[in-house]
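This report refers to the structure that appears directly beneath it.
The values are calculated or read from the model by the stated rules, or taken from the named source; none is laboratory data. Quick caveat: nothing in here was measured; it's all calculated off a predicted structure. Cβ atoms come from the backbone with ideal geometry, glycine included; neighbour counts cover every protein chain shown.
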Amino acid sequence: MKPSSLHRLTLKPNKMGMGFIVLVIAMLLAAINYGNNIIFFISFLLISLMGNSAWQTRRQLKSASVSAFAIAPRHATEPGGWQIQILSELPNPAITLRALGAEPIVCALPAATAIVLELPLAPLLRGNFPAPVILLSTQYPIGLWTAERALSWDNQRQWVYPKPQGQAPLPQAQLADKKSAASTAANKGDEQFEHLRSYTAGDALNKIAFKQFARTGQLVTQHWQSDLTESDEIQINFNQMPGSIEANLSQITQWVLQLSAQNRAFTLNLPGNAPLRGHDTRHRQQCLEALALFLAPPQNQGAR
C-alpha cells in the first residue's frame, strides 16, 4: 500500500557538512588575505564538491519508494512491528527508516530490487491509533548533507489490545433454559451441527469424534446447537467482576484468548456494548477490539 501523503523533501547540511562549510569559508578568507591562487582553487573545488553532493543526496532519496502492509495488532506495553517494502532505483548502502517514537533502522538497498523490512513500533497503551509517520532519510554519498522525507498512511490503524494477564479461573458455564427446545429434536439429524473443539477434561465420551481421531490423531469433541446452549455457554460479565477497570480488562483478555484457543463458545457482556457471542476467530477479534476501546480516550477510537 502506497503512502497516502508525501511530505516535502528537506535537504540540510549535517554536523560534518557545517564543519565543511566553515572550513571552506576560512580557506576563502585566507586566500583573499594572502592572494594565494592555489588556496582559491582548492576552495572553489570544495564548494563544487559540496554542491554536487547536495544534488546527489537529494537524488538518492527521491529514487526510493516505500509501501506498507497492514499493522499487526499487539497488546498494551508491547513493542510492535510494521512490515514495509522499500525499492530504490539507485544503489544506496545507507538509508535510514524510523517510525516516530521508535528506534531507527539502517539498511543497504540494491538497485531496482525491493526488500521487505520490519520497522519497530513504540509500545502504546490500549486503543485504536493512527499509523505513525515514517521518516526516510539518507546522507549518502559523502555524508555532508541529510535528505529527509516524511511518509504517512492516513487509512492505516494500529490496534493495541489490553495486556493479557490475571489468575482468576474461568467463569462457570451457565445452563441456558433451552432444554425443552432440545428435547423436541427426535435425533441428531434434526439438530444443527455447531463445531468441533479440542477435548478438555470433563467432556462426555459420547461426544468424542472417534473417526476424526482415527484420521488425524487429534482428540476432539462434537458439539451440536442444543449441546452448546445447554452445557458449553460461558458468560463473561464485566459488571460482575471486582477490581479496577484495567485489571478486569486484562483478565477478560486472558480469558478470551484461552477460550478461543479451545474453540469454546462464550458471550462477552461489556457495559454500553451489545453482547458478543460466538467461538470463531472473528468473534475473538470483535471481543479484543471492544476491550481495546472500552472507555478509551476518544482520540484513540478510530474507524474500524
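Quick one: how many residues across the stretch 20-49 are closer than 20 Å to I142 by Cα and not hydroxyl-bearing (S, T, Y)?
12
Going by the conditions given, is T77 within 24 Å of T138 (Cα to Cα) and hydroxyl-bearing (S, T, Y)?
Judged against the criteria, T77 is not a match.
Quick grid of which residues meet (1) more than 30 Å from P164 (Cα to Cα); (2) of a type in the set (A, V, I, L, M, F, W, C); (3) not assigned by TED's automatic domain parsing to the domain that holds I252:
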| position | (1), (2), (3) |
| --- | --- |
| A72 | no, yes, yes |
| H75 | no, no, yes |
| L87 | yes, yes, yes |
| I95 | yes, yes, yes |
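Which of the residues that make up the stretch 245-284 are crowded, with 18+ Cβ neighbours inside 10 Å and of a type in the set (V, I, T)?
I252, T253, V256
Can you spot a residue in the stretch 47-57 that is in contact with an Asp or Glu (Cβ under 9 Å, 6 or more places away or on another chain), hydroxyl-bearing (S, T, Y) and either surrounded by 16 or more Cβ atoms within 10 Å (Cβ to Cβ) or more than 30 Å from Q165 (Cβ to Cβ) (or both)?
Checked against the condition, which is being in contact with an Asp or Glu (Cβ under 9 Å, 6 or more places away or on another chain), hydroxyl-bearing (S, T, Y) and either surrounded by 16 or more Cβ atoms within 10 Å (Cβ to Cβ) or more than 30 Å from Q165 (Cβ to Cβ) (or both), the stretch 47-57 yields no hits at all.
Report yes if R264 is modelled with pLDDT of 85 or more, in contact with a Phe, Trp or Tyr (Cβ under 8 Å, 6 or more places away or on another chain) and charged (D, E, K, R), otherwise no.
Against the criterion (modelled with pLDDT of 85 or more, in contact with a Phe, Trp or Tyr (Cβ under 8 Å, 6 or more places away or on another chain) and charged (D, E, K, R)), R264 does not qualify.
Using beta carbons and a limit of 8 Å, which pairs, at least six apart or on different chains, have the first residue in the stretch 17-37 and at negative phi and the second one exposed (fewer than 12 other Cβ atoms within 10 Å of the Cβ) and modelled with pLDDT under 95?
Pairs found: A31/N37.
Any residue in the stretch 32-50 that is out of contact with any Phe, Trp or Tyr (no Cβ under 7 Å at 6 or more places or on another chain) and not in a helix (DSSP H, G or I)?
Yes, the stretch 32-50 contains a residue that is out of contact with any Phe, Trp or Tyr (no Cβ under 7 Å at 6 or more places or on another chain) and not in a helix (DSSP H, G or I).
Would you mind telling me which numbered condition in (1) surrounded by fewer than 16 Cβ atoms within 10 Å (Cβ to Cβ); (2) touching a strand residue (DSSP E or B) at 6+ places or on another chain (Cβ under 8 Å); (3) part of a loop (DSSP other than H, G, I, E, B) T77 fails?
Evaluating T77 over (1) surrounded by fewer than 16 Cβ atoms within 10 Å (Cβ to Cβ); (2) touching a strand residue (DSSP E or B) at 6+ places or on another chain (Cβ under 8 Å); (3) part of a loop (DSSP other than H, G, I, E, B) leaves (2) as the failure.
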